[in-house]
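Read through the structure below, which is laid out as C-alpha cells, and then see the notes.
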Amino acid sequence: MYYKILISKKWVPRGFVGLTIYPFIIFKKAASLDDVKLLTHEKIHIRQQLELLLVFFYLWYLLEFVIKFVWLRDKQLAYRAISFEREAYVHEGDRDYLKTRSFAAFIKYI
C-alpha cells in the first residue's frame, strides 16, 4: 500500500466527500471507507500523481481546470471535464482497473 487514508472534515472542500494529496486519501466521513467506488476513484488519482511526479500533476490539473472553466463557464462542469477526473469517474466501478491500466492513461480523456 503506497497511500494512507485520513478522515478530516477540515481538509475536504464543501461539496466533496474525499480528495487525494499523495500519499494521503482524505475522506470527510469514516463511512466513506466502505464505498468501494469512491476508494477506487481516489486510488486512480494516487497513480496519476505518482506518474506525473506530484508537482506536474497539480500544475496540469490546475491548468486544465482553468482552461475548461473559461471554456465551459461552470466550475462543476470544468471539474468533471478534467482528464484526471474523467478517467477516475469512468473506471471507479472497476476494482481491477489499476492492475491493467496503462501508463498515463488519463491522456485518452483530454
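Which ones in the stretch 9-26 are surrounded by 13 or more Cβ atoms within 10 Å (Cβ to Cβ), free of Cβ contacts under 8 Å to residues at least 24 places away in the same chain and assigned to a loop (DSSP other than H, G, I, E, B)?
Within the stretch 9-26, Trp11, Val12, Val17, Pro23 meet the criteria.
For the stretch 75-83, check the following and say yes or no: at least one residue is of a type in the set (A, V, I, L, M), under 21 Å from Ile7 (Cα atoms), crowded, with 16+ Cβ neighbours inside 10 Å and at pLDDT 95 or above.
no
Right, Val90: assigned to a helix (DSSP H, G or I), of a type in the set (Val, Ile, Thr) and exposed (fewer than 12 other Cβ atoms within 10 Å of the Cβ) or not?
no
For the stretch 27-44, which positions are crowded, with 16+ Cβ neighbours inside 10 Å and either part of a helix (DSSP H, G or I) or not charged (D, E, K, R) (or both)?
Across the stretch 27-44, the qualifying residues are Phe27, Ser32, Leu38, Leu39, Thr40, His41, Glu42, Lys43, Ile44.
For the stretch 49-66, does any single residue satisfy the condition of being under 19 Å from Tyr2 (Cα atoms), of a type in the set (S, T, N, Q) and touching a residue at least 24 places away in the same chain (Cβ under 8 Å)?
yes
The values are calculated or read from the model by the stated rules, or taken from the named source; none is laboratory data. This one's a predicted model, so the numbers in the text were calculated from it and none came from an experiment. Cβ coordinates were reconstructed from backbone atoms using ideal geometry, including for glycine residues, and neighbour counts include every protein chain displayed.
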